Amino acid sequence: MRRRSLLIAVPAGLATLAACGDDKADSSDSASPSPSAPSAAPSPKIVDGPLPAITEGAKFGEKPTVAKGSGDPSKDLAVKTVIAGNGKTVAEGDFIVAHYLGQIYATAKVFDNSYDRKTALAIQLAQGSIIDGWRYALAGKKAGSRVEMAVPPTWGYGKQGNPQGGIKGTDTLVFVVDVQGAYAATSSAKGTDVAQDNVDQPKVGTNTDGKAPSIEIPKSVAPTKLVANYVIEGDGEEVAATDSVLVQYKGVLWDGGKEFDSTYARKTLTSFSLQEVVKGWAQGLTGKKVGSRVLIVIPPALGYGDNPPSGSDIKKDSTLVFSVDILAKL
């Protein structure tokens, strides 16, 4: 079973996209930077240390080895930019894509790391989504940076700790975070517009202002085979069938064009593994480049067939139409 970090909740929308009966979550996962409960802690004072030394894996993107803390940790939030990047500046509310390692200051016990999972974490720097230590330590840093922080319980998991990760309510935590990218909730595809000249296929808007693109459904009969075409072609890496992605998307029904799901409407991005969504999404995004906007038309056989999600506007044997912006590969 594939191991992944614990998140406090499945991102909204995944209940719609998830493949029926395909739950890959692992109840034995370790702790992640996600909080146990929303915090009401005051803003911390940020200091330079003390911080334990990184003894191995000193390059950005390499799994680090971190020494045990020496002496008592600070009661404030200790933060150090180990490697300075030159990408987008991270802001409160942004979604970050990052690799990280977390351990206990006093013992150097590693309780979680994404490097071994070979899948970066995509999470929003917002209260209730991530521990406050990350929110305050990473705001203002640039993508491409490696940041080390020592997080006291007040801005970590609080007095309750995180028993699943072996974290006590008195433990100061050390994280090394490689910030690979930062994305606002209004992030869009970036690339070259591709001609949409097939009159029998939907036409998708090419605006990149963070607003939901239009999707015009033709009056022709819905296709019986998967359609997966570039609307905007980016220049990033190609997505593999085993990858996870960070996306912005909108979904409508072929019959009537009614919107049934949208990250734009929720003002939030979504990340998922292509192994955990309906076949039409997995096949439609495989081989497409990061930075692209893709039109995906999913026939019932590759969507939900006669078993649509309960409570959704999707009916039996519905053909689904999506505009998907691939923002990052995790």
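The values are calculated or read from the model by the stated rules, or taken from the named source; none is laboratory data. Since we're looking at a predicted model, the values are computed, not measured. Neighbour counts are summed over all protein chains in view; Cβ atoms, including those assigned to glycine, are modelled from backbone coordinates with ideal geometry.
Points to keep in mind about this one:
- Residue within the stretch 138-156 that is buried (at least 23 other Cβ atoms within 10 Å of the Cβ) and of a type in the set (K, R) present: yes
- Cβ pairs under 7 Å, 6+ apart, first in the stretch 55-70 and closer than 13 Å to V110 by Cα and free of Cβ contacts under 8 Å to residues at least 40 places away in the same chain, second among the charged types (D, E, K, R) and exposed (fewer than 13 other Cβ atoms within 10 Å of the Cβ): T65/E56
- Of the candidates L246, L274, L330, the single residue that is at pLDDT 95 or above and of a type in the set (A, V, I, L, M, F, W, C) is L246.
- The criterion of at least 2 residues that are over 16 Å from N162 (Cβ atoms) and touching a strand residue (DSSP E or B) at 6+ places or on another chain (Cβ under 8 Å) is met, among strands (runs of 3 or more DSSP E) falling completely within the stretch 87-143, by 95-104, 121-124.
- Residue in the stretch 162-172 that is within 25 Å of G291 (Cβ to Cβ) and part of a strand (DSSP E or B) present: no
Here is a yes/no grid of residues against (1) within 15 Å of the chain's Cα centre (by Cα); (2) in the same structural domain as Q124 (by TED's automatic domain parsing); (3) closer than 29 Å to G144 by Cα:
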site	(1), (2), (3)
K203	no, no, no
T208	no, no, yes
K211	no, no, yes
P223	no, no, no
L226	no, no, no
D243	yes, no, yes
Q248	yes, no, yes
W254	no, no, no
T263	yes, no, yes
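- The set of residues in the stretch 124-169 that are of a type in the set (A, V, I, L, M) and either under 21 Å from V66 (Cβ atoms) or not assigned by TED's automatic domain parsing to the domain that holds A41 (or both) comprises I130, I131, A137, L138, V147, M149, A150, V151, I167.
Listed here are the residues, each with its yes/no results for (1) surrounded by fewer than 21 Cβ atoms within 10 Å (Cβ to Cβ); (2) out of contact with any helix residue (DSSP H, G or I) (no Cβ under 7 Å at 6 or more places or on another chain); (3) part of a loop (DSSP other than H, G, I, E, B).
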position: P223; (1), (2), (3): yes, yes, yes
position: Y230; (1), (2), (3): yes, yes, no
position: T242; (1), (2), (3): yes, yes, yes
position: L246; (1), (2), (3): no, yes, no
position: G257; (1), (2), (3): yes, yes, yes
position: D261; (1), (2), (3): no, no, no
position: S271; (1), (2), (3): no, yes, no
position: P308; (1), (2), (3): yes, yes, yes
position: A328; (1), (2), (3): no, yes, no
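- Residues (within 20 Å of the chain's Cα centre (by Cα), assigned to a strand (DSSP E or B) and of a type outside the set (V, I, T)) located in the stretch 273-306: S273, K289, R293
- Selection from the stretch 185-221 of residues that are among the hydroxyl-bearing types (S, T, Y) and assigned to a loop (DSSP other than H, G, I, E, B): T186, S187, S188, T206, T208, S214, S220
- Filtering the stretch 31-45 for residues that are modelled with pLDDT of 95 or more, in the same structural domain as Q127 (by TED's automatic domain parsing) and not aromatic (F, W, Y) leaves a non-empty set.
- Residue satisfying all of: in the stretch 310-320; out of contact with any strand residue (DSSP E or B) (no Cβ under 9 Å at 6 or more places or on another chain) and on the phi < 0 side of the Ramachandran plot; surrounded by the fewest Cβ atoms within 10 Å (Cβ to Cβ) among these: S310
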